[in-house]
Amino acid sequence: MSDQDIAGNLNSIQQKIEQISENAGRDSKEITLVAVSKTKPDKDILEAMTAGQLHFGENRMKELEDKMSSIENPDVIWHFIGNLQTNKIKYIAHRVNWIHSVEKAKYLKEINKRAKQDNRVINALVQVNISNEKQKGGCKPDDLAGILESAQDYKFVKVKGLMGMATFADNPEDVRPEFKLLKELFDSHQKYNKGSVMLEHLSMGMTNDMEIAIQEGATMVRIGSAIFGERNYG
């Protein structure tokens, strides 16, 4: 995809976020656009950076590790949004800023351990399975409180909110109840804010359901194909 396309797409998405936010009575400045650059070459990320984008998301740990090594701009904020593997967290802990996909307390323990070795703090989001689909990651809503309690005394990982992936639906309106559920869990678990737990963010909404997600309270939206074009497989 050409640099003009990427820059134009970013501008279009930002305008859309502003319009949706205004219609929902929200401030668009509350919403962070995470450009999901999985399978895309470094040059596409660099073009997006030139257009002012600094938040990038990856869903494969090895791909994130490689891109963090080759793109050295210290202003870039890296988000990991894929399935976590305990034995591989050490490969991204030195540089990743946000990990969206924490579904077990043991992952927070490992992130804290690895971040401590690099003397840095990593922001984490607890992923909740809001779609009730087995193939989607995330903890059960009933397990959320225990995970949050387990993290309150950590020094090198901060739990800053929740993440959810909705069912893919032809009609985005169909997933509104799933986003509502995540917002309700976010609100009802504010009582666990203590120490390193401070629930401030809701990461939900992708290219096809961003509007519904923002209406329901998203503070981070994860957009890939609408910025970079269709995913490259291979």
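Per-structure values
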quantity	calculated
Residue in the stretch 169-182 that is in a helix (DSSP H, G or I), touching a Leu at 6+ places or on another chain (Cβ under 8 Å) and surrounded by fewer than 18 Cβ atoms within 10 Å (Cβ to Cβ) present	no
Meets criteria (assigned to a helix (DSSP H, G or I) and either in contact with a Leu (Cβ under 7 Å, 6 or more places away or on another chain) or not polar (S, T, N, Q) (or both)) for LEU144	yes
Selected residue (only one of VAL126, VAL96 is closer than 27 Å to ILE31 by Cβ, among the β-branched types (Val, Ile, Thr), touching a Cys at 6+ places or on another chain (Cβ under 7 Å) and without any contact (Cβ under 8 Å) to a residue 40 or more places away in the chain)	VAL126
Any chance PRO172 is free of Cβ contacts under 8 Å to residues at least 12 places away in the same chain and more than 23 Å from GLU58 (Cβ to Cβ)	no
Selected residue [among the β-branched types (Val, Ile, Thr), farther than 23 Å from GLY161 by Cα, surrounded by 15 or more Cβ atoms within 10 Å (Cβ to Cβ) and more than 17 Å from the chain's Cα centre (by Cα)] from ILE71, ILE20	ILE71
Every residue from the stretch 142-168 that is out of contact with any Phe, Trp or Tyr (no Cβ under 7 Å at 6 or more places or on another chain), modelled with pLDDT of 95 or more and surrounded by fewer than 18 Cβ atoms within 10 Å (Cβ to Cβ)	ASP142, ASP143, GLY146, SER150, GLN152, ASP153, LYS155
Pairs with Cβ under 8 Å, 6+ apart, first in the stretch 29-48 and on the phi < 0 side of the Ramachandran plot, second part of a helix (DSSP H, G or I) and among the acidic types (Asp, Glu)	SER37/ASP44; LYS38/GLU63; GLU47/ASP3
The listed residue being in a helix (DSSP H, G or I) and closer than 30 Å to ASP153 by Cβ, out of ASN112, ASN11	ASN112
Within the stretch 183-205, tally of residues that are touching a residue at least 24 places away in the same chain (Cβ under 8 Å) and either part of a helix (DSSP H, G or I) or of a type outside the set (Lys, Arg) (or both)	16
LYS104 being in contact with a Leu (Cβ under 9 Å, 6 or more places away or on another chain) and surrounded by fewer than 21 Cβ atoms within 10 Å (Cβ to Cβ)	yes
Count of residues meeting criterion [within 18 Å of ILE92 (Cα to Cα) and polar (S, T, N, Q)] in the stretch 15-58	2
Filter pass, LYS136 being surrounded by 14 or more Cβ atoms within 10 Å (Cβ to Cβ) and out of contact with any helix residue (DSSP H, G or I) (no Cβ under 6 Å at 6 or more places or on another chain)	yes
Any hit, the stretch 69-85, residues being assigned to a helix (DSSP H, G or I) and either in contact (Cβ under 8 Å) with a residue 60 or more places away in the chain or within 19 Å of ALA124 (Cβ to Cβ) (or both)	no
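The values are calculated or read from the model by the stated rules, or taken from the named source; none is laboratory data. Because the structure is a prediction, the values reported are computed rather than measured. So basically every Cβ, Gly included, is an ideal-geometry build from the backbone, and we count neighbours across all protein chains shown.
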